[in-house]
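Notes follow the structure.
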Amino acid sequence: MKVGVYISIADVQGSGSNLQRIVDEAIEEAVLAEEMGFDACFFGEHHQDRDGFLPSPLIVAAAVAARTQRIKIGTSVLLLPLYHPVHVAEDVATLDILSKGRIILGVGLGYQAPDFAAFNIPQKEARGRLEEGIEVIRHCWTGEPFTYNGKHFQLDNVRCLPTPVQRPGPPLWVGGSVPASIKRAAKVGDAWISTPSTTRSDTVDLREIYESALSEGPGQVVLMKDAWVAPTKEAAFEEYGPYVVDAYKYYWRAGLPDFQYIKSESEITIENMAPNRMVVGSPEECIGEFNEWKESTGSDNFVLRLRQAHSGGPPHGQIMDAIQRFGREVLPYLN
């Protein structure tokens, strides 16, 4: 199995005033993840966020590339509708050169209105801008001149150099949680990356949708999972529960599809949410969870979200302990 770690960078208490320390901690977590045998690390993006969320994942990726040698570095996800795709293509190509071919570009639509308001981009244009943006990025990475006439982007005889180290370009993953977005991932991406709160049964159904929509190539399903490991399940629930429950309540209030069936916020507890949704428990229980997810979904590529940005925890010290425990007591025993 391939197991990566998603590293949230947000300053809940200070709304950004403590980000210098938090960024330093995030880089430490990425360096430790490499030492512990994780395959990749990922960073996300929000703007005007109440939690002081870091808005520039590619810049952090560059800092991590300078401090590591092996681990892949990616975005999960870059909100592509907010960018001009030529600029993204150039930045990611540069990062791929700096990292010697270790970059993964994960992109998504975004769902928070303030992200779009910050750049005066109508949210209703997100789908079209994402699909056209991916097409433009792939053209850019060829290194050949091209002309593009889309609804949102018009380019005449553009050529982007230098090209990325990875050929024909870095892996381009597309995030999504509903059938339309999964079909889009199959159509325009190299992989579909799930949202962390999707249940096992829903993931199986969405994978079938993804596979049926693939036009060519094998595709790939990457499962992002909320995850925590501790000496016992009780300790894992105690350390992780308050933070992930707070985040899930936020998602429920925001109306995310994964929580449509929940009738009351009081139903959102770690005991109710963890089964068939997270990878949380003792090392032995986490190994079992990984195996069950692989057997039921057919996917052997995971990204673990340890810190919850919307609640700001668990804290850095506990994150480091969890990364070490996953690296020493879980990852070596996964097939």
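Contact map, the stretch 207-230: residues that are closer than 28 Å to C286 by Cα paired with residues that are of a type outside the set (D, E, K, R) and surrounded by fewer than 16 Cβ atoms within 10 Å (Cβ to Cβ), Cβ distance under 6 Å, separation 6+ or inter-chain. Pairs shown: I209/P179. Note on the stretch 100-158: among residues that are polar (S, T, N, Q) and more than 19 Å from the chain's Cα centre (by Cα), the one that is nearest to A61 (Cα to Cα) is T142.
Filter the stretch 278-318 for residues that are in a strand (DSSP E or B) and among the β-branched types (V, I, T); which is farthest from F237 (Cα to Cα)? Working first, answer last.
Step one: of the stretch 278-318, the residues in a strand (DSSP E or B) are 279-281, 301-305, 308, 313.
Subset that is among the β-branched types (V, I, T): 279-280, 303.
On the way: V279: 11, V280: 7, V303: 20 Å.
The qualifying residue farthest from F237 (Cα to Cα) is V303.
What about T203, is it assigned to a loop (DSSP other than H, G, I, E, B) and touching a residue at least 24 places away in the same chain (Cβ under 8 Å)? The answer is no for T203. Checked against the criteria, V158 does not count as out of contact with any His (no Cβ under 6 Å at 6 or more places or on another chain) and within 17 Å of V188 (Cα to Cα). Within the stretch 190-224, the only residue that satisfies the criterion of being acidic (D, E) and either surrounded by 23 or more Cβ atoms within 10 Å (Cβ to Cβ) or in contact with a Phe, Trp or Tyr (Cβ under 7 Å, 6 or more places away or on another chain) (or both) is D190.
Annotation for the stretch 242-253: no member residue is more than 23 Å from the chain's Cα centre (by Cα) and farther than 23 Å from G4 by Cα.
Listed residues Q20, Q48; which is surrounded by fewer than 18 Cβ atoms within 10 Å (Cβ to Cβ) and free of Cβ contacts under 8 Å to residues at least 12 places away in the same chain? Explain how you work it out, then say what you get.
Numbers: Q48 fails: free of Cβ contacts under 8 Å to residues at least 12 places away in the same chain.
Matching residue, one of Q20, Q48: Q20.
Residues in the stretch 252-277 that are out of contact with any helix residue (DSSP H, G or I) (no Cβ under 8 Å at 6 or more places or on another chain) and either in a strand (DSSP E or B) or not polar (S, T, N, Q) (or both) were compared, and the one that is farthest from F326 (Cα to Cα) is K263.
Residue count for the stretch 111-136 satisfying the condition of being under 11 Å from L82 (Cα atoms) and in contact (Cβ under 8 Å) with a residue 60 or more places away in the chain: 4.
Selection of the stretch 59-87 for residues being within 14 Å of A30 (Cα to Cα), of a type outside the set (V, I, T) and either surrounded by fewer than 24 Cβ atoms within 10 Å (Cβ to Cβ) or without any contact (Cβ under 8 Å) to a residue 40 or more places away in the chain (or both) yields A62, A63, A65, A66, R67, Q69, R70, K72. Residues that are under 12 Å from S197 (Cβ atoms) and surrounded by fewer than 22 Cβ atoms within 10 Å (Cβ to Cβ) do not occur anywhere in the stretch 227-241.
Quick note: the coordinates plus some simple rules give every number you see, no bench work behind them. All of these numbers come straight from a predicted model, not from anything done at the bench. When we count neighbours, we look across all protein chains shown, and the Cβ atoms used for this are built from the backbone with ideal geometry, even at glycine.
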